[in-house]
Amino acid sequence: ALARLVAVIVALLAVWVITQVLIASRITRRLVVLRDAAQAVAQGQWQTQVDTAGTDEIADVAKAFSLMGAAIALRMEAVLEAQSRLQRVVESLSEGVLFHDAAGNLLECNDAATQLLGLDRTQMQRQSAPPAGWKMVHPNGAEVTRDDLPNHRALAQRAMVVRQIMKLALPDGTERWLSANATPLSQPGQDALYGAV
């Protein structure tokens, strides 16, 4: 009788262990699916969906995840639409518009800026040299250095630069007078600057 009792207990323990392993394996698989979906959303695949079937806590998390993904997708769609609209507005301006990061590196500019300055985008980003004969000077004739540029001054002074006058000499011998404004940019309520325009 004792041997039978031990055999029954061992059998029950074996069934319990196998059941626990199967349950843990099923939970792990479902959690891996949620983790992979979260990574996909983090990489920009905002429409990623997960199986929301079930009534347990993991199904509740999956439902919340699906709602979050749909909300992110809607917001990103609105952001991209606003960005496209703003880009079209900037491109339509006859004034040159340049956007620099906090280190003063040119990130974006419109076509009017390249035409006004007589430089292509690679020259404006200092990836290639300006053409021979191209020069920018102050009204007193002193050459404009990188630190003298309105965006660099706005970033260094953490203040708006208004109507900075510069003379531009182009390779064909023509000269242009430019009046430039620059504004340092920061997020509302934050001191750190992220760029200048």
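The values are calculated or read from the model by the stated rules, or taken from the named source; none is laboratory data. If you're wondering where the values come from, they're calculated on a predicted model, not measured in any experiment. Note that we place each Cβ from the backbone using ideal geometry, even for glycine, and neighbour counts take in every protein chain shown. Each accessible area value is taken on the protein alone, full model and side chains, heavy atoms only, with ligands, DNA and RNA left out. Shrake-Rupley method; radii C 1.70, N 1.55, O 1.52, S 1.80 Å.
Here the contact order of the range 47-120, divided by its residue count and restricted to Cα pairs under 8 Å and six or more residues apart, works out to 18 percent. Look at the alpha carbon pairs under 8 Å that are at least 6 residues apart: their mean separation over the length of the chain gives a relative contact order of 13 percent. Annotation: amide H of Glu108 within the under-5 Å range of Phe99, sequence separation 5 or more or interchain, hydrogens built in the peptide plane. With one equal scatterer per alpha carbon and no solvent term, the Debye-computed log10 I(q)/I(0) for the range 72-123 at 0.13, 0.23, 0.25 1/Å reads -0.41, -0.88, -0.94.
Ignoring trypsin sites (Lys or Arg not before Pro) that are buried or in helix or strand per DSSP, and keeping those with at most 14 other beta carbon atoms within 10 Å, what is the longest stretch of the chain between them?
It runs 1-125.
Each peptide in 67-73, 11-17, 114-120 gets a packing score, the mean of other Cβ atoms within 10 Å over its residues, and the list from highest to lowest is 114-120, 67-73, 11-17.
Each stretch of four or more DSSP H residues adds -39500 (n - 2.57); spread over every residue of the chain, this sum gives -16500 deg cm²/dmol at 222 nm. Its relative contact order, with pairs defined as Cα atoms under 8 Å and 6+ residues apart, puts the range 1-94 at 17 percent. Where is the GNM fluctuation largest for the chain (alpha-carbon springs, 10 angstrom cutoff): Val32, Val79, Val97? Of the options given, Val32 has the highest mean-square fluctuation.
The heavy atoms of Met76 present about 60 square angstrom of accessible area, all protein chains included, probe 1.4 Å. Entry comment: accessible area of the range 1-156 is 68 Å² per residue, from protein heavy atoms only and a probe of 1.4 Å.
Give me the dipole magnitude in Debye, nearest 20, for the chain about the Cα centre, with unit charges on the beta carbon: positive for Lys and Arg, negative for Asp and Glu. Present the calculation step by step, with values, prior to reporting the outcome.
Numbers: 18 positive and 19 negative charges, 101 e Å.
Magnitude of the dipole: close to 480 debye.
In order along the range 190-197, the phi-based Karplus estimate (6.51 cos²θ - 1.76 cosθ + 1.60, θ = phi - 60°) of 3J(HN,Hα) comes to 10, 7, 5, 8, 10, x, 8, 10 Hz; Gly and Pro are listed as x.
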